[in-house]
Amino acid sequence: MDRPRVDNGDIADTLDRIADLLEAQDANLFRVRAYRAGARTARQISRSLIEILEDEGLAGLERLPAIGSSIASLISELAHTGRVVLLDRLEGQVSPEDLFSTVPGIGDELAERIHRELGIETLEELELAAHDGRLERVTGFGERRVRGVRDALAGILGRGARRRRRRLQWLASRAEGHGAGADRPAIATLLALDAEYRRRAEAGELRTIAPRRFNPERRAWLPVLHAERDGWSMSALYSNTARAHELGTTRDWVVIYYEHDGHEGQCTVVSERSGPLRQRRVVRGRESECAEYYAARAPSSPATRRNPMAAAHLTADEQEDRPAT
């Protein structure tokens, strides 16, 4: 059955709801105002925003007052999936399984299998898995189904092959410093926000929300931190996934969402339990950058200069106790 068409009123209500939740969670005031302004545009314009999207693409939406690249992408997501991940996240009810099941060719069982076996949580991560061969290794995904998922995601995410190549080339041209490109914050920024979040959560200084997942009592236990760092709008909160509950790491794993100039993403910061980074806070998927970060801040010696991972292995107490060389 076709999904009901989204109208301008639906879009305005969604933007206002996001603004309400951001304001309630003490987000940056300028970000709240941006969503309010976008909602006013949606209500005042006579032409359907979805028609503009279909006829002129994201660029057509971005030409409208108060509709920047981030809000234009949000409207596209709402039009194609009937939901907005940012809103789900702010309401504390986002479920990767539910998100994946919105993609044609993926039912509830396959969506649960993807999340369990690949450990991914976003459509962008699913798209990458569909292209790098991981998705095809999940039971139930043959070549034809994977190809269908790739095609569907290209439409949902609003990126054709040519647009994707241009974006990747642009990102590569802007990449600089700290091992971070234009599409993600620097390791130092992420680790600093992680430390601030855990410290303030422990001190009870942060507003808490009541997540709908794994919270039958509807208890407001999940602290949320919104911050602006190095030009990024960032939100940090403890992981409320099934895996985190299963491993007892809901007070260790910190999920950080970030957005800047239309580029959005997320990462998870955890306490490493083994290897050279044991007892360190690391950003999953960027362990080598974390090792370089810690090594650069470790006391220098011939051994650590030859092997940065050895310096990264030192705990904070060990580094403080080491004499300077």
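What follows is calculated from the coordinates using simple rules that are stated; it is not laboratory data. The shown structure was predicted, so the numbers you read here are calculated from the model rather than taken from an experiment. Neighbour counts run over all protein chains shown; Cβ positions are idealised from the backbone, glycine included.
Structure notes:
- Length available on full extension from R200 to S69: 0.36 nm per residue minus the Cα-Cα distance, which gives 44.0 nm.
- For segment 8-156, a crude dipole built from +1 on the beta carbon of Lys and Arg and -1 on the beta carbon of Asp and Glu, taken about the Cα centre, is about 320 debye to the nearest 20.
- Gain upon complete extension [S274, R243; 0.36 nm per residue less C-alpha separation]: 9.3 nm
- Full extension of the chain between S288 and A220 yields a length gain of 20.9 nm, computed as 0.36 nm times the residue separation minus the alpha carbon distance.
- A Förster distance of 25 Å, applied to the separation of the beta-carbon atoms of R150 and D55, puts the FRET efficiency at 0.50.
- Amide H contacts of V6 (H built 1.01 Å from N, under 5 Å, at least 5 apart or other chain): none
- Across segment 7-15, coupling constants 3J(HN,Hα) worked out from phi with the 6.51/-1.76/1.60 Karplus curve, θ = phi - 60°, read 10, 4, x, 4, 5, 4, 4, 5, 5 Hz, and Gly and Pro carry x.
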